[in-house]
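One structure below.
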């Protein structure tokens with residue numbers, strides 16, 4: 001004990017301090033250390049749960065982005081298909097319209113040809129009738145005085161028959 005006294009330490013006071021330290025340590029451990037540790041554990045669990053939820057949310061977000069990309073790709077493919085269909089349909093419609101226009105033009109040309117042929121025939125008939133009338137008139141004028149009235153009528157009748165046969 002001499003050694004303790006040399007350093008200025010009193011054994012009774014040292015024991016009292018050790019007992020006081022033990023009491024304070026027990027009180028701190030029971031009333032402060034355990035609640036602080038439980039609070040830190042709760043906080044750690046909360047942080048771990050938040051990180052876990054954040055990772056799950058990140059995975060869900062990535063999956064949603066992948067689904068979104070797939071949906072967008074499908075929509076783009078569908079739009080491209082629709083566009084191609086519309087283009088092909090418009091080409092078909094254009095070809096149909098062109099074909100109809102050609103047929104209508106051909107019909108108009110055919111109708112015009114028929115009309116021209118009919119008008120030509122009518123003109124030929126009128127011309128033939130006019131020529132016949134002129135021929136008869138010329139024949140009558142040229143036959144006057146050369147033949148008798150009966151002979152003239154007979155010649156004119158034969159001429160009319162020949163003209164009618166040739167038409």
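Would you check if residue 126 is modelled with pLDDT of 95 or more and surrounded by 10 or more Cβ atoms within 10 Å (Cβ to Cβ)?
no
Scan the stretch 41-49 and tell me whether some residue there is free of Cβ contacts under 8 Å to residues at least 24 places away in the same chain, touching a helix residue (DSSP H, G or I) at 6+ places or on another chain (Cβ under 9 Å) and surrounded by 10 or more Cβ atoms within 10 Å (Cβ to Cβ).
no
The values are calculated or read from the model by the stated rules, or taken from the named source; none is laboratory data. Here the structure is a predicted model, which is why all the values come from computation and not from measurement. Using ideal geometry, Cβ is built from the backbone for each residue, glycine included, and neighbour counts are taken over all protein chains shown.
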